[in-house]
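Quick note: the coordinates plus some simple rules give every number you see, no bench work behind them. Nothing here was measured: the structure is a model prediction, and the numbers come from that model. A quick note on method: Cβ atoms are made from the backbone with ideal geometry, for glycine too, and the neighbour counts reach across all protein chains shown.
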Amino acid sequence: MSLVAKYLSEPTPSQEDFLEILKEVEEGANHVLGLVESLGPSLTSLDKETRASATQLLADVISNSKGLRRNDLEPLADFFCDRIKDHHSIVPHVLTAFSTLTGRSDLPDASAVSIAQSMFQHGEVQTLSQQHRATAFQTLVNLFHHKLEVLVMLRDSFTLGYIQMIDGEKDPRNLLTIFGLTQIVINNFPIGAYCEELFEVTACYFPVDFTPPPGASLQITRQQLADELRATLTSTHRFSQYCLPLLIEKISSDLQAAKQDSLQTLTDCCKVYNVEHLRPFTNIITQQLLREAMLSLSSRTKELALEAISAICSCLAKPVDGVTVYTDVDDFCISIIKECKHHLFEPEHDLVVSSVKVLQALLSSNQHAANFVLTDVMPVILERLNTGQQTKAKCVYLDMIRDLLSSSVGNVYSHKVSALDTVIEHMRHSEEAVCESALRCLAELADAAGSKLEEVSQPLLDMATNSESTALRNTSSLCLAALCKHNEEARDEVIYKALHSRLVEVQTLELSTLNILDAIVAQCSSDVCLYVLTQLLISFEQCPADNDVLTDGILSSILCALSSPLQLDSSILRSFMQTCFKIKLPEIADSTRMLMSDIIVQIVNFTDKSCLPSIAESSLTALNTLPYTVTAVQSVLCSLPHGVLDDTQLLDVFQPLTSQSPSPLMRLSACKICASVINKSAKTENLLKDILSVFDSPTANTLPLCLWTTKALVLRNHHLSQGCVSKGRIEQQTKSQH
């Protein structure tokens, strides 16, 4: 009895026998077509179970074989296309073979077409188990990947066959595959004749109602299904007449998940629809969206409704056949403004915020809508603001102006100019809350306030530097910053000079002094700010000791300015640091040294590394007259590559400072510099002669140098490191014994 006959005769076929058959096929002793011949009697047997077993064996062999030849593909495809017409128990095995054959990119085109048609006509896929349905859908995935351009030739017949094949599918794993396949069908095949049918077999799952069963191994979530289904429903404008009524129905659902899915889908539909698709449904959709945006208890639903409003307004503004007509945009805006307007002018009403957000959704959609809404709404808001309103109402209207203008796309300069005088007037209001709201609004109008800069700068500077209210000082400083950003020339000539002169006039430490510094830092948008701060520091270099706090305040402001995202020229930074090195501050405090060091670190970070040698030369020169700068220059010297400066010279300068400096902070910085030199030097033994002698009798002042030297040698894995470590241990033990 042959091995094949033995395999088929066994009630439970042996895996070993199967592997032996597979081995013979792969080694060529019995190639695939030879196996078909061997199976001939079984494949044509009158017993359906025998035919099924033989078909399964052949399908399993070709699925597991690595030696399937190209010449075998066409006859095998023809064979299995014929087998699919057999008893339904044989179909799953045929589908297994189809999945394998279609995974080959060299499958003949005619065979690909035959497989698709056979599966549509005889597969009866929806009568099979989930696993076998998944195999059928995988066959389509393979065909689309390798033979899409061939299948397109089938046109409507493929679309109809596909619809019949997927109709009624319920398994979430298969649905995830189907949604992706359907998008390919929509984008590549003619669906006009079957558009409604294709929509119905897909939309029947909307909105997705799926919760993975507890303990299930499914790696599929409701969100994945919802996202893929949404992508399918929104992949063509041909679905519009069916999809929009469905969405209108589901937006009214009591289920938040259904509402939110519908709103997201509507937003995505607007990306592929145009005004002609939306026009028949605009009125009813508008009312639904307004209701959800204003009254929904779910913040997420409100957010999605606002996104949908903006998307619809953008869609209505799309050109049709190259012509843009804004009639529908205007009508849409009018209907929304009408609903919002009476809430806008009831500042105590809860819906005022929601109404503003709805208008913001329109303003952010397109420039035409932005100008249309602002032209209608802004004059009324300004009129109300100028009448005798309560403080709260004035704040609401000022915030409303700011919010509406900040959301507007395109050029709304003229609307900003129209609001400028009213906002400036309220900036001087006696009520702090009104003043703050006006300042926030003025910051939004900054690009239109150039002509008013001299008028507003004085009161702004007064508030930024003299106000007792921290909130008012901060808000006015931010407003100044916005004005500086949009009006650079006036900034340098008006605001910075005014801040500089005010601070120089102050001779004692006052609250206003630190306020001025805060105001300067708030404007740090260019190197001019850094220049102003540097000049202030120089002007205080002869300050008495009781002004150390003021000096630290200036240094802190400089550090803050350097920490902001500036694009400063490296030459300006070098000049600034050299200026700092020249400042003579006797009896300088450790806090000031730390600030100076942090400033230098920032400068080194900003500066091109090619500039470090010249900065290092300046720092060494400064050490001769200003020993306190050792802390500041540490970051410069430790950043230098080896060979830029003479190692011996550096140790001659800094080794004495490791034990003789009056400040522990300065001694520590000097130790770090010496360790950096040792770590990088190629002539370590020559440099270490004097330093190693310190190890023989370390004192409290010289111990840090021993520690940092040992660390430098250990990092280099230097042969002297072990001796230094041993000496350190002996010294520690000696101290412990005493």
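Tabulated results
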{"read-out": "Where trypsin sites (Lys or Arg not before Pro) fall in DSSP loop in region 149-219, at most 10 other Cβ within 10 Å", "value": "Lys170"}
{"read-out": "Whole-Å distance, taken between Cα centres, linking region 183-243 and region 98-175", "value": "18 Å"}
{"read-out": "Residue-wise HN-Hα coupling along region 251-263, computed from phi with Karplus coefficients 6.51, -1.76, 1.60 (Hz; x: Gly, Pro)", "value": "5, 7, 5, 7, 8, 4, 4, 5, 4, 5, 4, 5, 5"}
{"read-out": "Ranked packing of 72-83, 668-679, most packed first, by mean Cβ within 10 Å", "value": "668-679, 72-83"}
{"read-out": "Rough spin-label spacing in nm, given labels placed 7 Å along Cα→Cβ, for Arg155 and Ser693", "value": "10.2 nm"}
{"read-out": "For region 125-235, fraction of C-alpha pairs farther apart than 26 Å, in %", "value": "15 percent"}
{"read-out": "Residue-by-residue Karplus 3J(HN,Hα) for region 670-678, coefficients 6.51, -1.76, 1.60, Hz, glycine and proline x", "value": "5, 4, 5, 5, 4, 5, 5, 5, 5"}
{"read-out": "Charge sum, other residues only, whose C-beta stays under 11 Å from Gly34's C-beta, Lys/Arg counted +1 and Asp/Glu -1", "value": "-3"}
{"read-out": "GluC sites (Glu not before Pro) lying in DSSP loop within region 21-99, provided at most 11 other Cβ fall within 10 Å", "value": "none"}
{"read-out": "By average C-beta atoms within 10 angstrom, highest first, the peptides 304-312, 468-476, 217-225", "value": "304-312, 468-476, 217-225"}
{"read-out": "Cut-off under 5 Å, modelled amide H: who pairs with Lys318 long-range", "value": "Val275"}
{"read-out": "Full-extension gain in nm, Ala682 to Asn71, via 0.36 nm per residue minus C-alpha separation", "value": "212.9 nm"}
{"read-out": "For peptides 114-125, 234-245, 393-404, sequence by mean Cβ density within 10 Å, most packed first", "value": "393-404, 114-125, 234-245"}
{"read-out": "Loop-located trypsin sites (Lys or Arg not before Pro) in region 1-66, at most 12 other Cβ atoms within 10 Å (DSSP)", "value": "Lys66"}
{"read-out": "Stretchable slack from His88 to Leu148, in nm (0.36 nm times residue separation minus alpha-carbon distance)", "value": "18.8 nm"}
